Amino acid sequence: MRCYLFIFSVLCTTGLLFGCQSQVLQMLIEPQEYYNYAVTEGVTCTSPEMIDGDLNTRGYAQGRWIHLTLPSRKAIHRIAIRGTNIINAMVYQKLDGEGRWQAIQQIQNNESPVIERRVNGIVTDAIRIYISGTTDDEKKASRYDPRRGQVVPQIKLGRAFIHELEVYGFVSKENSNQ
């Protein structure tokens with residue numbers, strides 16, 4: 001009987017400690033809210049329709065590139081591309097210095113009209129996307145390339161589009177209390 005009382009008291013004490021600890025942790029680690037920087041004032045994009053907040057409008061890439069520029073450097077944690085025909089692409093962040101870019105995400109064999117990716121808290125003032133494949137690309141007859149000495153498949157590139165390009169960071173606690 002004493003053994004059962006001892007086990008019961010240990011379990012109650014443990015539950016009480018973990019219960020208090022979880023409340024303390026909950027106060028310290030509040031859930032983070034995302035904020036879409038792409039719809040803020042001063043943001044520019046290859047096509048303004050991509051960042052107008054309206055899923056009914058459609059913006060087109062310039063050639064195979066999409067550029068989004070923020071007015072200042074921001075910590076970015078998630079990128080969402082909504083309503084798109086992109087199958088394959090590479091996402092880059094702008095680094096400090098002129099013309100320096102770093103690949104941060106690769107999109108391969110996408111079959112969805114929505115692409116959402118987390119990024120590891122990059123800090124940048126510009127994102128660019130190189131599109132290497134869309135659902136609108138058309139295969140054409142292959143041709144012989146004498147420089148390579150081989151037959152090369154030909155593709156007529158389709159026009160890449162996005163209804164909404166969203167770039168998210170976390171809402172800071174200081175800004176949300178003001």
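Going by C-beta contacts inside 10 Å, put Asp125, Asp136 in order with the fewest on the left.
On the way: Asp125 16, Asp136 13.
Final ranking by Cβ density, sparse to dense: Asp136, Asp125.
What list of ³J(HN,Hα) values in whole Hz, one per residue of the stretch 60-77 in order, does the Karplus curve 6.51 cos²θ - 1.76 cosθ + 1.60 (θ = phi - 60°) give from phi, with Gly and Pro shown as x?
10, 5, 8, x, 10, 10, 10, 10, 10, 10, 8, x, 8, 5, 9, 7, 10, 10
Based on the mean of other Cβ atoms within 10 Å per residue, sort peptides 59-68, 161-170 so the most packed one is first. Could you put the intermediate results ahead of the total?
On the way: 59-68: 17.1, 161-170: 21.6.
Highest to lowest by the protection proxy: 161-170, 59-68.
In the stretch 98-158, which GluC sites (Glu not before Pro) are in a loop and have at most 15 other Cβ atoms within 10 Å, using DSSP for the loop call? Intermediate values should be presented prior to the final figure.
Values: sites: Glu98, Glu111, Glu116, Glu138; in loops: Glu98, Glu111.
In loop regions of the stretch 98-158 (DSSP not H, G, I, E or B), the sparsely surrounded GluC sites (Glu not before Pro) are Glu98, Glu111.
Lys and Arg at +1, Asp and Glu at -1: add these up for the other residues within a Cβ distance under 10 Å of Leu55 and post the number.
Details: positive: Arg58, Arg82; negative: Asp52, Asp54, Glu164.
Residues near Leu55 contribute -1 overall.
Tell me which residues come under 5 Å, amide H to amide H, from Ile104 once H is placed; ignore anything under 5 positions away on its chain.
Val91, Tyr92, Gln93
What shape does the stretch 34-172 have by the C-alpha gyration tensor, where a ≥ b ≥ c are the square roots of the eigenvalues, rounded means a/c under 1.5, and otherwise prolate means a/b greater than b/c and oblate the rest? Don't skip to the answer; put the middle values down first.
Values: a/c = 2.35, a/b = 1.74, b/c = 1.35.
Prolate is the answer for the stretch 34-172, as a/c is 1.5 or above and a/b outweighs b/c.
Within 10 Å of each candidate Cβ there may be at most 10 other Cβ atoms; applying that plus a DSSP loop requirement, which trypsin sites (Lys or Arg not before Pro) in the stretch 91-132 survive? Walk me through the numbers before you get to the answer.
Working: sites: Lys94, Arg100, Arg117, Arg118, Arg128; in loops: Arg100.
Passing sites in the stretch 91-132 are Arg100.
³J(HN,Hα) across the stretch 86-97 via Karplus (A = 6.51, B = -1.76, C = 1.60, θ = phi - 60°), whole Hz, x for Gly/Pro?
With coefficients 6.51, -1.76 and 1.60, one gets 6, 9, 10, 7, 10, 9, 10, 10, 7, 9, 4, x Hz.
What ranking of Lys74, Lys139 emerges when the number of other C-beta atoms within 10 Å of each C-beta is taken as an exposure proxy, fewest first?
On the way: Lys74 18, Lys139 9.
Ranking Lys74, Lys139 by Cβ neighbours within 10 Å, fewest first, gives Lys139, Lys74.
Could you list Thr44, Thr84, Thr57, Thr134 so that the one with the fewest beta carbons within 10 Å of its beta carbon is first and the one with the most is last? Before the final figure, lay out each step's value.
Numbers: Thr44 12, Thr84 25, Thr57 16, Thr134 20.
The order, fewest Cβ neighbours first, is Thr44, Thr57, Thr134, Thr84.
Taking the alpha-carbon set of the stretch 123-163, what are its Rg and Dmax in Å?
15.6, 46
Where a number appears in this text, it was derived from the coordinates with a stated rule and is not lab data. Remember, it's a predicted structure, so these values are computed and weren't measured experimentally. All Cβ positions, even for glycine, are placed from backbone atoms using ideal geometry, and neighbour counts span all protein chains on display.
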